[in-house]
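The values are calculated or read from the model by the stated rules, or taken from the named source; none is laboratory data. Please read all numbers here as calculations on a predicted model, not as lab measurements. Methodologically, a virtual Cβ is constructed for each residue, glycine included, from the backbone with ideal geometry; neighbour enumeration extends over all protein chains shown. Please note that ligands, DNA and RNA were not included when accessible areas were found on the heavy atoms of the full protein model with its side chains. Shrake-Rupley method; radii C 1.70, N 1.55, O 1.52, S 1.80 Å.
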Amino acid sequence: MPFSDEKHFGNEDQLSDSDGSRLSESMACSSSDSESPRESFTSDSSSKHASPVSSPPRTTTLDEVMATTRNLSNLYLAHEIVSNENFHLNTIDPPKNSLEGQVKQIVHKAFWDRLESDLKEDPPEYEHAIKLFDEIKEILLSFLTPGTNRLRTQICEVLDVDLIRQQAEHNAVDLPKLGSYIISIMSKLCAPVRDDDVKKLKASGDIVQMLRDVFHVLDLMKMDMVNYTIHNIRPQLQRQLAEYERAKFQEILEKSPDALNQTTKWIEQSLKDAIEAKSQESTSGANGVSVDNLSPTLVLNSGFVKLLDMDYNSIVPETLFTDDLRIVDLKYKLQQVKLVACVCLLTQNAMGPVSTTGFTEHVKEITAILLQGLNKTFNLKEALTDLSTKISFEMNKSLTERGLSPLSTEAQSVLEGQICSLTEKSQPIYNLIEKRIQEYLTTFLCLPYPYKHVPIIPGGLTPVRKEMEFIGFHYSNIVNFNKQVYGPYYANIFRKLLFSQPQADKAEAQT
């Protein structure tokens with residue numbers, strides 16, 4: 001990662017009525033001004049897609065539901081193409097033992113058996129075969145790029161359906177010759193990865209089998225063309241994705257006015273948590289905490305950090321559905337890193353001054369292996385029990401090899417108990433590591449993009465520094481782009497929560 005010298009940042013200003021434009025601007029971390037939704041809370045002028053607009057509640061029709069579904073699909077597909085560099089489409093065949101697979105097999109067999117029967121008649125019946133050649137012609141033409149007029153004309157002349165039909169009426173159609181031509185054209189148009197598949201095609205022999213094989217390879221070539229197109233449009237999508245996603249989401253919001261309900265609840269809860277945290281930090285002589293003293297950017301960042309908390313069971317905000325799976329994946333990776341850091345810290349405390357960096361790395365490796373595959377169905381309690389026994393054994397082995405006294409039975413029991421208790425929320429070491437991780441990620445989310453440096457790793461997280469930088473870097477990319485797209489909607493929600501309340505309600509919000 002291209003990190004260089006540390007850069008200093010200004011302090012967060014207090015929240016006021018003029019903070020709307022600053023909030024929208026800080027939430028839109030774009031590399032160019034044209035992609036940043038810079039929208040004020042109180043401004044009357046707005047662009048078409050940068051200003052969130054909600055329609056009044058009304059009955060939703062089936063057409064609107066279908067249109068919303070299409071918008072969601074298009075939004076998700078575009079986001080996935082840009083976010084996932086390895087994104088591509090594959091041909092999905094149903095399992096042969098499934099109902100869908102059996103139906104497909106029966107239908108295909110009936111079709112090709114009918115074609116074989118037609119060609120064996122005396123005289124042969126070519127109508128079905130002619131339709132297949134016409135379909136092959138259209139597929140081959142779809143592979144051509146603009147400017148290949150000569151080849152386009154040649155394909156249309158050789159696979160002229162009317163001419164083939166006239167030849168068939170006089171029983172003069174040469175199917176093997178047409179097959180050879182089709183295979184030669186496929187060899188010119190296919191991707192290099194399909195060269196071997198095309199070479200295996202044979203125009204002589206069983207014409208029906210030849211046509212089946214041709215269509216199979218053509219299906220593969222069509223998928224190759226789709227993935228090639230995806231690869232080519234990725235750079236253009238990267239430049240326009242923020243505006244495109246915002247426009248599609250606005251269309252969804254216009255048809256489904258409640259499409260921001262979960263997002264509003266998420267921000268509202270983050271705001272309450274921030275007020276509560278400020279209240280706890282204030283001295284007994286303070287006059288209370290006002291929402292005017294809160295930074296909306298920090299409140300939002302706190303909400304994003306909370307999404308990575310294993311105890312967060314609320315519904316994911318609508319504005320993050322395109323990154324839901326990526327966030328879940330990072331959540332479990334962070335939980336694993338958190339436990340690794342806890343185990344390393346516990347072993348360092350148990351060994352005291354004789355603890356070495358090499359042994360800590362060994363403990364880290366063992367813990368990461370035994371906690372690999374951490375997910376919702378993972379038996380964490382059992383894994384920690386096995387891990388505690390293994391760590392205790394490895395620690396005594398290391399001490400003995402260095403000529404030092406092994407841990408006492410009581411000390412081993414305490415260490416193993418501490419490791420096994422990491423599933424409990426009240427575990428002091430776990431709470432300490434969790435708090436420092438939250439502080440680290442919050443600091444990371446405040447860094448301006450592009451990143452010039454990473455935050456200093458807090459004490460206790462040194463053994464997992466690289467892993468924390470990886471999670472912080474990837475999560476910051478997700479969050480910053482999300483703010484760039486949905487910043488105006490977040491700003492609008494903050495305005496409703498903070499500035500649309502009567503002064504009396506604002507006073508009640510103080511602690």
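Scan the range 384-468 for GluC sites (Glu not before Pro) in coil per DSSP, keeping those whose Cβ has at most 15 other Cβ atoms within 10 Å, and list them by number.
Here the sparse-neighbourhood loop sites are E424.
Along the range 153-167, what does the Karplus equation 6.51 cos²θ - 1.76 cosθ + 1.60 (θ = phi - 60°) give for ³J(HN,Hα), rounded to whole Hz, x for Gly and Pro?
My calculation for the range 153-167 gives 5, 5, 4, 5, 6, 6, 9, 5, 4, 4, 5, 4, 5, 5, 5 Hz in order.
Over the range 419-501, with every protein chain in place, what whole percent of the accessible area is carbon and sulfur at 1.4 Å, could you tell me?
55
Past the 29 Å Cα-Cα mark, which pairs from K104/K131; K109/K199; K104/K255?
K104/K255
May I ask you to evaluate 6.51 cos²θ - 1.76 cosθ + 1.60, the Karplus curve with θ = phi - 60°, for each residue of the range 180-187 and list the ³J(HN,Hα) values in order in whole Hz, giving x for glycine and proline?
Karplus values, whole Hz, x for Gly and Pro: 4, 5, 4, 5, 5, 5, 4, 5.
How about the range 385-443: which trypsin sites (Lys or Arg not before Pro) there are in a DSSP loop, with at most 11 other Cβ atoms within 10 Å of their Cβ?
R402, K425
With each pseudo-label sitting 7 Å past Cα toward Cβ, what's the K120-E439 distance in nm, one decimal?
Each label point is offset 7 Å from its Cα along the Cβ direction, giving 8.2 nm.
Given 0.36 nm per residue, what is the gain on full extension from Y181 to E424 after removing their alpha carbon distance, in nm?
80.4 nm
When only DSSP loop residues count, what trypsin sites (Lys or Arg not before Pro) in the range 123-217 have their Cβ near at most 13 other Cβ atoms within 10 Å? Don't skip to the answer; put the middle values down first.
Numbers: sites: K131, K137, R150, R152, R165, K177, K188, R194, K199, K200, K202, R212; in loops: K200, K202.
Listed in order of number, the matching sites are K200.
Karplus couplings for the range 221-233 from phi (6.51 cos²θ - 1.76 cosθ + 1.60, θ = phi - 60°), rounded to Hz, Gly and Pro as x?
5, 5, 5, 4, 5, 4, 5, 5, 5, 4, 4, 6, 8
Answer with one residue from L498, P428, Q438: the one whose Cα lies farthest towards the positive end of the charge dipole of the range 373-505, charges on Cβ with Lys, Arg +1 and Asp, Glu -1.
So the residue furthest toward the plus end is L498.
If you project the alpha carbons of the range 311-355 onto their three principal axes, what span does each projection cover, largest first, in Å?
Principal-axis extents of the Cα atoms in the range 311-355, largest first: 51, 16, 10 Å.
Taking R0 as 41 Å, what FRET efficiency do you get between K104 and E382 from their Cβ-Cβ distance, rounded to the nearest 0.05?
That gives a FRET efficiency of 0.45.
How big is the range 335-410 by Rg and Dmax over its Cα atoms, in Å?
Radius of gyration, then largest Cα-Cα span, for the range 335-410: 12.8, 43 Å.
Which lysines, if any, have their Cα less than 24 Å from the Cα of K425, not counting same-chain residues under 8 positions apart?
Result set, ordered by chain and number: K272, K278, K306, K331, K333, K338, K364, K376, K381, K390, K435.
Within the range 381-397, find all residues whose amide N lies under 15 Å from a label point positioned 7 Å from the Cα of A411 along Cα-to-beta-carbon.
392-397
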